[in-house]
Amino acid sequence: MTGLRERQKADRTRRILEAASTQFRAQGYDPVRIEDIAAAADVSAGTCYNYFSTKGDILLAIVSMEVEEVIDAGRAVVADPPADVAIALDRLIRNYYDHSLQYLSKELWRRAVALSVEAPETPFSQRYLALDSRLTEQVSDLVAALQARGQIRRDLDSSVLGGIIFAQLNQAFIEFVKAEAMPLEDLHRINQRATDQLALLMAAR
C-alpha cells in the first residue's frame, strides 16, 4: 500500500507540474493562480496546497524536474565521452541547453533566477543553488572521465575546472534568457567557441 500511495503522489505531483508549466507558458507567471493549476491538473486546490505552499515552490519544482532529466541524460555522455575534449563538453552542454525550454519559457527562467537572487537565504534560493551544484558536479565528472582517458591534463583539478566551465555555460544561458529574440542556435555557437578554447587549454600534452 505504501508503494501505491507513493506512486499516486508522484503521479499527482507530475500532473500539477505539467499543468503549471502549460499555464505559465500560455498566460505568464503572474496571472495564474494555484487554483487554476489545480483545476487543470484535475486535483483539488487543497491537494495542490498540500504539495506546494506557493507558486514559487511550484516554479522551483519545475526547475528541479528539468534538472533531474538533463542530469539523467548527461550520465550517458559522462560514462562514454567522445574522444575529442571540445566535442565531449559541447555534447553535455548542448543537452542542457536543448532541454532548457521544454518546461520553462525564457520568462519563467528569468523569474526563477530573480527569485533565487532577491532573497539568497530563503529555502527557494538555497534549493536553486543546490541544483546548480549538481550540474557543476556532472561537468566535473566529465572532466575527470576525460582525465582518466588521458585527454585532459592530469595535473588540473577536475572540480575547479567543472566550476569554471559551468560558470561560463550558465552565464551564457542567463544572457540567452534575457534576450527574448535570441535563438537557441546562437547560444550553442557562443558556447562552442568558449568550449573550443577551454579544450585547447586543458588538452593533455
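The set of residues in the stretch 181-198 that are loosely packed, with under 14 Cβ neighbours inside 10 Å and within 15 Å of Asp84 (Cβ to Cβ) contains only Gln197. The combined condition, being touching a residue at least 40 places away in the same chain (Cβ under 8 Å), more than 20 Å from the chain's Cα centre (by Cα) and more than 21 Å from Phe124 (Cβ to Cβ), is not fulfilled by Val78. Of (1) under 22 Å from Asp196 (Cα atoms); (2) crowded, with 18+ Cβ neighbours inside 10 Å; (3) under 13 Å from the mean Cα position of the chain (by Cα), Ala88 satisfies all except one. Which? That leaves (3) as the condition not met. The number of residues in the stretch 36-51 being out of contact with any Cys (no Cβ under 8 Å at 6 or more places or on another chain) and either part of a helix (DSSP H, G or I) or not assigned by TED's automatic domain parsing to the domain that holds Lys9 (or both) comes to 10. Selection of the stretch 36-61 for residues being within 26 Å of Ser125 (Cβ to Cβ), among the charged types (D, E, K, R) and more than 21 Å from the chain's Cα centre (by Cα) yields only Asp36. Out of everything in the stretch 52-69 that is farther than 16 Å from Ser105 by Cα and in a helix (DSSP H, G or I), what residue ends up being modelled with the highest pLDDT? Ranking the qualifying residues of the stretch 52-69, first place goes to Glu69.
The values are calculated or read from the model by the stated rules, or taken from the named source; none is laboratory data. Since we're looking at a predicted model, the values are computed, not measured. So basically every Cβ, Gly included, is an ideal-geometry build from the backbone, and we count neighbours across all protein chains shown.
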